[in-house]
Amino acid sequence: MASVQDNEETSDSARAEVESQYEGPRMKKLRQVFDAALTACLNGCSYDRLALSFPRISRDNPESLRSAREQLVAFIRESIKEEFDDINADRNVALHLNEIDRIIAAAHRKLKQEYEEGQQQPTTRSRAVGSQAHAHCLHFRVTADQAVRAHAVEAKRGEVERLRAQLNQMHTANDAIQTDIAQCQAETGKVQSEIESLITNLLPPRNLLDALHQEAGVTHLPMGVA
């Protein structure tokens, strides 16, 4: 009995090891994304940028600098790839992703079977069930870009709400500023009226000035009359 159990455990371990070495669709996609990201990152270490950091070497011996740059990029690429492979091996990433592939494939086959069986049934209810199954099947045909955009919907909604709140705050602040401006204009008009009133009260009346001029023997003549 113990021997049978040991054989089963050995078989399961060997199967897990084989499955961990096999790369399914999602593991292949992960590796493609990793390679693309690594290439984009290393492209930033171009020869032109390196030449700006070492102007004398680029001027006197550009081939040496170019060779050093190629060796450096190759070393960094291999080091990062080794680290990536070590992480995948330590955490059994391929095994887990392959399990997800199997679960999704099984669900897809089941829903497709329900859809086909529903189409074969003559009743309206069965056809409706089949149509629902077909709709669920379409759910698993969502592309990676669509899934990423869908995942970002909630974050974008939160950002929209935050911007809307800031916009409302700006409207409230603008209304308060408009109210302050109207109050300042009213106070300015009041002060101007008071200043004009004070000037009028300080200056003597016009008829008093004319009387003083007449007493002094000064008469007002039109312009140009001697």
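Data overview
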| read-out | value |
| --- | --- |
| Integer Hz, Karplus 6.51/-1.76/1.60 couplings in order for the stretch 53-67, x for Gly and Pro | 7, 10, x, 5, 5, 5, 7, 7, 9, x, 5, 5, 5, 5, 5 |
| Residues 67, 58 arranged by fewest to most Cβ contacts within 10 Å | 67, 58 |
| ³J(HN,Hα), Karplus 6.51/-1.76/1.60, whole Hz, each residue of the stretch 31-37, x for Gly, Pro | 5, 5, 5, 4, 4, 5, 5 |
| Fully extended contour minus Cα-Cα distance, from residue 87 to residue 192, at 0.36 nm per residue | 29.9 nm |
| Greater than 27 Å apart at Cα, pairs in 81/112; 28/110; 28/112; 112/156 | 81/112; 112/156 |
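We did not get these values from a lab; they are worked out from the coordinates using the rules stated. In this text the structure is predicted, and so the values were computed from the model without any measurement. Positions of Cβ are generated from backbone atoms using ideal geometry, with glycine treated the same way; all protein chains shown enter the neighbour counts.
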